[in-house]
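A.B. asks: Sharing a structure with you now.
The values are calculated or read from the model by the stated rules, or taken from the named source; none is laboratory data. Given the structure is predicted, the values throughout are model-derived calculations rather than measurements. Quick reminder, even Gly has a Cβ in these numbers, built from the backbone with ideal geometry, and neighbours come from all protein chains shown. Areas reflect the complete protein model, heavy atoms only, side chains present, ligands, DNA and RNA absent. Shrake-Rupley method; radii C 1.70, N 1.55, O 1.52, S 1.80 Å.
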Amino acid sequence: MKVLVIGTGAREHAIVHALTQDPTVEAVVAAPGNPGIDQVALCRDLPGGITDGAGIADLAEELGVDLVVVGPEAPLVAGVADVVRERGIACFGPSAEAARLEGSKAFAKEVMAAAGVPTAMAHVCTTVDEVAAAIDGFGTPYVVKDDGLAAGKGVVVADDRAAALAHAKVCLDKPGGQVVVEEFLDGPEVSLFCLCDGETVVPLAPAQDFKRVGDGDSGPNTGGMGAYSPLDWAPAGLVEDVVARVAQPTIDEMARRGAPFVGVLYVGLALTSRGPRVVEFNARFGDPETQVVLARLASPLGALLRAAATGRLDEQPDLQWRDEHAVTVVVASEGYPADPVTGGPISGLEEETEAYVLHAGTRLDDAGLLVSAGGRVLSVVALGADLAEARVRAYAAVDRIDLPGSHHRTDIALAAQRGEVVV
Ligand code: AMP
Ligand code: GLY
């Protein structure tokens, strides 16, 4: 089969990398892709941008692909998958209606309530006074979330009441602005990607993401600074439990509403003392967790995504996983997440290491040299017999990379390696 992957990040590079290892995939095209993806697959421009459903469907027709895989949330929420499917092309990615599970936190809460899914108590607020009453009701730490898409910057978790209210005001000032105020959930976080074909749910291996910019979970939230998988410390039966109590009821509820969910339901969980609680749903693969989950997946990815896109997940054989542990470390630009500096020269990728480098925010300049072009620039991935070995390999490769002013966390997977993650 021939596959078209939409997106520009390290997640899409990881997806392309995995697809090229699937013997049933003859060709992979990425649009727009990035310079790293360009080394392993054809990249094509999207003149109308990543949310231009007609442009993407035209390209899919021109290329004669059998499957379109949509990576990021913005095109899904904009309805790209609907347009592609209307042209009779299989698409891995939910409809605009189903992608509201990510596009509106208030909608996600409503679906969870209807499906009996365990999550944080929450109030949907449309005025600052309502927010003030809600945060005072829950107490600290305050959790204030923008209802809509905010590229990882919509959530503030803080003890500072003024900061929580200031964030709420910024969100409410947007057209149609709404804010979701939640009870704080304590406990380690887990990301579980569930492949869905509208009816059947096939979970992948769980991963842990590091959202805060600095070591020891300091500083502001980011899109994600690193990840590892598997989670040896996770309670036995966690995945089955989350499928039974969260993913399947959610998928059933969406089908009942006439909006079947086809794609990845990303379940973000906090493992609290009262059991797993949903922190968020996303309607796509997570970045950087995908980099580690797909590094370990031994089953052919193309067949799996096509089965999900065509309602045949129930016919798939059990998934196979490599025994190794995977770690990814994100190399970010100076100033990320607040104000990333771009255009800096990147070197040190050519050297032989036991890790591989996936590109995120990179581009070739006029002289053909690789430069940074975004906040998260590279995602360095390594496998090892255990987390310690995977970390050594990943960090050895990170240390050889040179990008002036860049930064990365030095403690990705460290607590897990030391056996310090407790549920
Ligand atoms: P979200 O965009 O909903 O994923 O939130 C981003 C991050 O904020 C999550 O990964 C958590 O680390 C944190 N967060 C969100 N909701 C809560 C909550 N109810 N309690 C504690 N932390 C939260
Ligand atoms: N790693 C978090 C996300 O993809 O939203």
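A.B. asks: Are there any helices (runs of 4 or more DSSP H) wholly within the stretch 53-126 with 1 or more residues that are more than 22 Å from the chain's Cα centre (by Cα) and more than 16 Å from ligand 1 (Cβ to nearest atom), and if so which?
C.D. replies: Passing ranges, in order: 53-63, 80-86, 105-115.
A.B. asks: Quick check on my filter: what residues within the stretch 19-34 are open to solvent by 20 Å² or more (accessible area, probe 1.4 Å) and either of a type in the set (A, V, I, L, M, F, W, C) or modelled with pLDDT under 95 (or both)?
C.D. replies: Ala27
A.B. asks: Okay, moving on. Out of the residues in the stretch 107-120 meeting the condition of being in contact with an Asp or Glu (Cβ under 8 Å, 6 or more places away or on another chain) and open to solvent by 20 Å² or more (accessible area, probe 1.4 Å), tell me which one is nearest to ligand 2 (Cβ to nearest atom).
C.D. replies: Once the filter is applied, the top-ranked residue is Ala115.
A.B. asks: Identify the residue in the stretch 272-300 that is among the polar types (S, T, N, Q) and under 24 Å from Ala332 (Cα atoms) and, among all such residues, is nearest to ligand 1 (Cβ to nearest atom). Please lay out each step first, then the result.
C.D. replies: Filtering the stretch 272-300 down to residues among the polar types (S, T, N, Q) leaves 272-273, 282, 290-291, 299.
Add one more test, that the residue is under 24 Å from Ala332 (Cα atoms), and what stays is 282, 290-291.
Numbers: Asn282: 8, Thr290: 15, Gln291: 17 Å.
Only one residue fits best here, namely Asn282.
A.B. asks: Note down all Cβ pairs under 7 Å where the first residue falls in the stretch 188-215 and is over 19 Å from Asp241 (Cα atoms), the second is open to solvent by 20 Å² or more (accessible area, probe 1.4 Å) and not in a strand (DSSP E or B), and they're at least six residues apart or on different chains.
C.D. replies: Asp197/Gly311; Asp197/Arg312; Gly198/Ala255; Gly198/Pro260; Gly198/Gly311; Asp215/Thr410; Asp215/Asp411
A.B. asks: Ok, one more. Here is a list: Ile6, Ile50. Which entry is in contact with a Pro (Cβ under 7 Å, 6 or more places away or on another chain), open to solvent by 20 Å² or more (accessible area, probe 1.4 Å) and touching a residue at least 24 places away in the same chain (Cβ under 8 Å)?
C.D. replies: None of the others qualify; the one that does is Ile50.
A.B. asks: Here's something else I'd like to know. What are the residues in the stretch 183-199 that are outside any loop (DSSP other than H, G, I, E, B) and surrounded by fewer than 17 Cβ atoms within 10 Å (Cβ to Cβ), if any? Can you show your working first?
C.D. replies: First pass over the stretch 183-199, keeping only residues outside any loop (DSSP other than H, G, I, E, B): 189-197.
Result: Glu189, single match.
A.B. asks: From the list Val128, Val144, which residue is of a type outside the set (D, E, K, R), buried (at least 16 other Cβ atoms within 10 Å of the Cβ) and without any contact (Cβ under 8 Å) to a residue 60 or more places away in the chain?
C.D. replies: Of the residues listed, the single one that is of a type outside the set (D, E, K, R), buried (at least 16 other Cβ atoms within 10 Å of the Cβ) and without any contact (Cβ under 8 Å) to a residue 60 or more places away in the chain is Val144.
A.B. asks: Let me ask you something else. When the residues of the stretch 363-408 are narrowed to those that are assigned to a helix (DSSP H, G or I) and among the small types (Gly, Ala, Ser), which ends up surrounded by the most Cβ atoms within 10 Å (Cβ to Cβ)?
C.D. replies: Ala394
A.B. asks: Which residues, taken from the stretch 192-223, are under 17 Å from Ala295 (Cα atoms), under 12 Å from the mean Cα position of the chain (by Cα) and of a type in the set (Gly, Ala, Ser)?
C.D. replies: Ala207, the sole residue that qualifies.
A.B. asks: Still on this structure, please answer the following. Within the stretch 263-291, count every residue that is of a type in the set (A, V, I, L, M, F, W, C) and within 11 Å of ligand 2 (Cβ to nearest atom).
C.D. replies: Residues flagged as of a type in the set (A, V, I, L, M, F, W, C) and within 11 Å of ligand 2 (Cβ to nearest atom) within the stretch 263-291 amount to 5.
A.B. asks: Can you name the residue in the stretch 284-306 that is under 21 Å from Glu73 (Cα atoms) and among the small types (Gly, Ala, Ser) and is also surrounded by the most Cβ atoms within 10 Å (Cβ to Cβ) among such residues? Before the answer, list the steps.
C.D. replies: Going residue by residue through the stretch 284-306, those that are under 21 Å from Glu73 (Cα atoms) are 284-294, 301-302, 304-306.
Still in the running and among the small types (Gly, Ala, Ser): 286, 302.
Numbers: Gly286: 22, Gly302: 25.
Per the criteria, the residue is Gly302.
A.B. asks: Restricting to the stretch 326-345, count the residues that are open to solvent by less than 20 Å² (accessible area, probe 1.4 Å) and touching a Lys or Arg at 6+ places or on another chain (Cβ under 9 Å).
C.D. replies: Count: 8.
A.B. asks: Could you check the stretch 409-422 and list, in sequence order, the residues that are of a type outside the set (Asp, Glu) and either buried (at least 20 other Cβ atoms within 10 Å of the Cβ) or touching a residue at least 12 places away in the same chain (Cβ under 8 Å) (or both)?
C.D. replies: Arg409, Thr410, Ile412, Ala413, Leu414, Ala416, Gln417, Gly419, Val421, Val422
A.B. asks: Moving on to the next point. How many residues does the stretch 255-271 hold that are within 22 Å of Asp314 (Cβ to Cβ) and either touching a strand residue (DSSP E or B) at 6+ places or on another chain (Cβ under 9 Å) or within 15 Å of ligand 1 (Cβ to nearest atom) (or both)?
C.D. replies: Count: 8.
A.B. asks: Still on this structure, I have one more. Can you tell me which of Val180, Val202 is in contact with a strand residue (DSSP E or B) (Cβ under 8 Å, 6 or more places away or on another chain), open to solvent by less than 60 Å² (accessible area, probe 1.4 Å), hydrophobic (A, V, I, L, M, F, W, C) and within 25 Å of Ala132 (Cα to Cα)? Steps first, answer last, please.
C.D. replies: Working: Val202 fails: within 25 Å of Ala132 (Cα to Cα).
Answer to the selection: Val180.
A.B. asks: Of everything in the stretch 148-170 that's within 18 Å of the chain's Cα centre (by Cα) and over 16 Å from Pro337 (Cα atoms), which residue is farthest from ligand 2 (Cβ to nearest atom)?
C.D. replies: Per the criteria, the residue is Gly148.
A.B. asks: Applying the selection to the stretch 111-143, what residues are of a type outside the set (Ser, Thr, Tyr) and modelled with pLDDT of 95 or more?
C.D. replies: Correct list: Val111, Met112, Ala113, Ala114, Ala115, Gly116, Val117, Pro118.
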